[in-house]
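Structure record follows, encoded as structure tokens.
The values are calculated or read from the model by the stated rules, or taken from the named source; none is laboratory data. All figures in this text were calculated on a predicted structure; none of them were measured in a lab. Reconstructed Cβ throughout: ideal geometry from the backbone, glycine too, with neighbour counts over all protein chains shown. For accessibility, only protein heavy atoms count, side chains too; no ligands or nucleic acids. Shrake-Rupley method; radii C 1.70, N 1.55, O 1.52, S 1.80 Å.
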Amino acid sequence: MIARLRRAMRWQSLPLIIGFAMLALIVGSRAILVENQSTNRLAARDAIEYQQLLSGLLSLAQDAESGQRGYLLTGEKPYLEPYQKAVDALPGQLEQNLIIPAHILLRRSSWRTRLV
């Protein structure tokens, strides 16, 4: 009788044990997904920041082109003003476009070390 009762208790506790195992699996996978989401959000922010820098570089190139075209068409010096501003700002913008990826790479390597 006691052996039968013990066997019945084992079978009754089996769904409870399976339920706890599933709960632990769900909680663990959720923690991993949250960490991945955080990493992806930071990567997206870096991509947007770099895209904005590239857009600024494109804008400078367009300003230089339109100023140069205006001067070539009219021969008037005021049309060279956007060209000069763009030429003066271009080295700084190029430097930023080279520095930012280095910061992004350093930040990503620090993410990987935190995850390991």
Farthest towards the positive end of the dipole of the chain, among SER66, ALA89, THR39 and with Cβ unit charges of +1 on Lys and Arg and -1 on Asp and Glu, lies the Cα of THR39
C-alpha long axis of helix 80-115 to longest principal axis of the chain, angle in ° | 20 degrees
With every protein chain kept in place and a 1.4 Å probe, the range 1-102 has an accessible area per residue in Å² of 80 Å²
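Could you give the size of the charge dipole of the chain about its Cα centre, using +1 on the Cβ of each K and R and -1 on the Cβ of each D and E, expressed in debye and rounded to the nearest 20? Before the final figure, lay out the partial values.
On the way: 14 positive and 9 negative charges, 341 e Å.
Charge dipole, the chain, about its Cα centre: 1640 debye, nearest 20.
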Pairing the Cα long axis of helix 2-74 with the longest principal axis of the chain, what angle in degrees results, from 0 to 90 and rounded to the nearest 10?
-> 0 degrees
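Based on DSSP H runs of at least 4 residues, each adding -39500 (n - 2.57), what is the mean residue ellipticity at 222 nm of the chain after dividing by all its residues, to the nearest 500 deg cm²/dmol? Intermediate results must be reported in sequence, preceding the final value.
Numbers: 2 runs with 109 residues, N = 116.
Helix-only estimate at 222 nm: -35500 deg cm²/dmol.
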How many percent of the accessible area of the chain is carbon or sulfur, using a 1.4 Å probe?
-> 65 percent
State, to one decimal in nm, how far the label point of LEU54 lies from the label point of LEU94, with both points 7 Å from Cα in the Cβ direction.
-> 1.8 nm
To the nearest whole percent, what portion of all C-alpha pairs in the chain is separated by more than 21 angstrom?
-> 66 percent
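Could you tell me what a quarter of the Cα convex hull surface of the range 16-65 works out to, in nm² with one decimal place?
3.5 nm²
Please compute the net charge surrounding ALA89, taking Lys and Arg as +1 and Asp and Glu as -1 over other residues with Cβ under 15 Å from its Cβ.
Values: positive: LYS85; negative: ASP63, GLU65, GLU81, ASP88, GLU95.
It works out to a net charge of -4.
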